[in-house]
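The values are calculated or read from the model by the stated rules, or taken from the named source; none is laboratory data. It should be emphasised that the depicted structure is a prediction, and the values quoted were computed from it without experimental measurement. Glycine also receives a Cβ, built like all others from the backbone with ideal geometry; neighbour counts cover every protein chain displayed. Just the protein is used for accessible areas: all its heavy atoms, side chains included, with ligands, DNA and RNA removed. Shrake-Rupley method; radii C 1.70, N 1.55, O 1.52, S 1.80 Å.
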Amino acid sequence: MRKYLLKIINPVILIIFTLGLNGAPAPVLADDASADGWGTFELMPYRSISVKGDAAKFRAINWMNDGSTGGIKAMSFDGDFGKDGSLSFDGHAIPGDNDFGTSLKLTRGNGGYITMDYGNFRKWYDVYGGFYSNFTGTSSIQRLAADPRMDIGHFSFEIGTNSSVLEAAPGVSLSYDHDTKDGIKSRLTWGSVVQGVTRKIRPSWEEVSDVTDTISLKGNTEVAGINLSGQQRVEFSGGRSFREDNSTTALRSYAQEPQTKLLVSSFKADRWIIDDKTYVAFAYQFHHSRNDWAETIRNYDAAGVTTSNSTNRVADSKTTRDSHASVQHFVTNLTPNLNFVAKFKEEIIAQTGSGFAVGYAPGGDNRTVETENQVTRTGESVSLRYNGLPKTSLYTDWDFQQTRNWYSKIRVGSSNTEYLDGSPEITGVVGVRYVPNSKFNMTSNIRRKSDHNTYNVFTNNDNGLSISRLQKTFHEWSNRLTWKPAKWIENSFRVQLLDNVYRVQGLDQVGFTNNTDWIKSQANSRIFTYNVVWQPLDEWMFDLGYSLNNFKVSTPASQTAVTGGGIPVSEYDFHTWLFTTSYAPKENLSFFTGLQYSRAKDFDSHDFGGIPYGVDNEHYDANVGMKWSPRKDITLSPHYGYYSYRANQSMDYGNYSAHVAWLDCSLDWF
């Protein structure tokens, strides 16, 4: 990686200085550094994190690495470059968290510019799977042997002719982006643990190494008062991944090598007309992609010996996708108080795929699959905004979408499926904002979304397809009140009521011709949030917030008794308290503190023996600190934080307590 970056950065720096100097005899940087130059330099000389308990859980929740580190939190430069140019720079580096970033921009007086950006950060993942209290010993909860962490990197370089903030100004730019992912991540598709019964609670992992390179050409101009812009983008991505799915009796590995080539062409034209009171726009995009996928599947025992299984295969697949999409946009003021917006969209998608798998001994068999998919989608959107009532604003948005989805799949020598899916979708929002005076305001809206999918099956002998109809309905009511009785105190209260209903109708398993009865599942969420900000004196500030989320999920399994194999209704309670305060007795001295307490609990619905995947934990965060400026150009800020995670050991795991101490130091260089 280092060699690759050096190969890129060296010529880029050479280009910057070659174009920047442009033969100018003037000094490269301005002589007057007091006018502009280095800005604030923020240093973290030292940070120490001591974790008692499960350090992996701490890293996964907080995205910080335990131990000691230090680094540069922020540094910047903004100065003149040559006669008529400017150079700006921003950067940070925290080696202990593998968090680095820098950006560089050079502009010339004629509008030309060059930018370069590099960044890298690390993400940590949980090491646990599910929990099943009826299992004994280590079978009830298991931990990954690997330490899952992912390094995510980005590098970009762009050169253009116009750095003006005015988007309508003519210009062209060429850019290159390089994105990487390298590491191990945990997966939510867990493996099996067998102890009399089988439960999918074993944690699983996947090793990933991905690289994506993107080249983009953008341009915009104006012709006869019409703003024209376009983009050509080519993307190449590839990599390797390896994962292992295991149980207490068998292991299976998947080694995969995906490759993707993508081409996107887009065009947009827009203009203000009728005394600049009406806006019209048209946009079109063409998308073409080709995907190649190679995979090796191997089954083996604990000793590493390949075992007989029909999935022992070396597979290869190829897919292509072409799409054409267009959007029309219209905005106007029908009256001084009534704004009208309309949008129309059309999309056509064609996809084909083929794949084959060659089985190898022992037990592997051959497979061949061919698929074809055609989608036609249209949509309409209408929005109205009305401000004609005193102290009141009314708004409504309606979106309609129609989809015709034809799908065909043929597994040679085994099965075939062909169906047509028609899915009209409607989303509507009606809302009001009322502001009677400077002390009170209210916003309220209602949202409804419905999506009905009907699968007209022409041919099918694949047991995997049994859905005839799928209906999804979503309702939401949201209301927020803000009350400020005095200039030193402000209250806000918000209520969100959400309701999701899923209804499924299947095909019978004999002949796949008759519809079965409707099956209904439902999810409800009730979210209540309160916040108060209180400033009794200029030196003191208090902020208190509380949120409660009641979440409930019911499925057809909840209609059956637990003793008969049913699963009860899942009820979740999530509480969050947040309190911050600050005290500034002097202009150069301030103190601050913050407390956060979170409580997640659904144990009430899982207190009978054996239901996995429950949540019952408490999370504490507390921090204190101060800022002191002994001089105008120096600011010292010591911090201390305490982080704690406490789980109900009968259904969750990963307790820890952590002490975090660090020092920030800011320097104004000029």
**Cα Rg, Dmax, region 393-440, angstrom units** = 23.1, 74
**Asked** All other residues with a Cβ under 9 Å from the Cβ of S644 taken together, and with Lys, Arg as +1 and Asp, Glu as -1, what is their net charge?
**Response** -1
**Request:** Keeping all protein chains in position, work out how much accessible area H287 exposes to a 1.4 Å probe, and write it in Å² to the nearest 10.
**Result:** 30
**Asked** At a Förster radius of 51 Å, what calculated FRET efficiency corresponds to the Cβ-Cβ distance of W628 and N366, to the nearest 0.05?
**Response** 0.10
**Asked** When only Cα pairs under 8 Å and 6 or more residues apart are kept, what is the percent relative contact order across region 337-465?
**Response** 21
**Prompt:** At a 1.4 Å probe radius, carbon and sulfur cover how many percent of the accessible area of the chain?
**Reply:** 57
**Message:** How large is the accessible surface of T296 in square angstrom, using a 1.4 angstrom probe and rounding to the nearest 10?
**Reply:** 60
**Request:** Before rounding to the nearest 500, sum -39500 (n - 2.57) across all DSSP H runs of length at least 4 in the chain and divide by the residue total; then give [θ] at 222 nm in deg cm²/dmol.
**Result:** -1500 deg cm²/dmol
**Request:** Rank these residues by their accessible area, most exposed first, probe 1.4 Å: T352, T212.
**Result:** T352, T212
**Message:** Given R₀ = 45 Å, what would the calculated FRET efficiency be for R143 paired with F474, taking r from the Cβ atoms and rounding to 0.05?
**Reply:** 0.75
**Prompt:** With each label point set 7 Å from Cα along the Cα-Cβ vector, what nm distance links L537 and Q402?
**Reply:** 6.9
**Item:** Normalised contact order of region 186-267, rounded percent, pairs of Cα under 8 Å and 6 or more residues apart
**Value:** 29
**Asked** Y597 accessible area, nearest 10 Å², 1.4 Å probe?
**Response** 60
**Request:** Please tell me the relative contact order of the chain in percent, rounded to the nearest whole number, where contacts are Cα pairs under 8 Å and at least six residues apart.
**Result:** 8
**Request:** Within the set of other residues whose C-beta is less than 13 Å from the C-beta of I114, count the net charge using Lys and Arg as +1 and Asp and Glu as -1.
**Result:** 0
**Asked** Based on the alpha-carbon gyration tensor of region 178-313 and its eigenvalue square roots a ≥ b ≥ c, which shape applies: rounded if a/c is under 1.5, prolate if not and a/b is larger than b/c, or oblate?
**Response** prolate
**Message:** Give me the one-decimal nm value for the distance between modelled label points at A661 and T320, 7 Å along each residue's Cα-to-Cβ direction.
**Reply:** 6.5
**Asked** Taking the Cβ of D210 as the center, what net charge do the other residues with Cβ under 12 Å away carry, scoring Lys and Arg +1 and Asp and Glu -1?
**Response** -4
**Item:** Size of the chain as Cα extents on the principal axes (Å, biggest first)
**Value:** 83, 65, 64
**Prompt:** Longest span of the chain, sites excluded, free of trypsin sites (Lys or Arg not before Pro) in DSSP loop with at most 16 other C-beta atoms within 10 Å?
**Reply:** 84-276
**Message:** Test of understanding: what is the full-extension gain from R385 to D210, defined as 0.36 nm times their sequence separation minus their Cα-Cα distance?
**Reply:** 58.4 nm
**Complete:** A convex hull over the alpha carbons of region 181-221 yields, per residue, a volume in Å³ of 86
**Complete:** Exposed GluC sites (Glu not before Pro) being those in a DSSP loop with at most 13 other Cβ atoms within 10 Å, the longest stretch of the chain free of them is 168-538
**Request:** Calculate, for the chain, the solvent-accessible area per residue in square angstrom, rolling a 1.4 angstrom probe over the heavy atoms of the protein chains.
**Result:** 55
**Fill in**
Pseudo-spin-label distance N110 to T307, built 7 Å along Cα→Cβ, given in nm, is 7.1
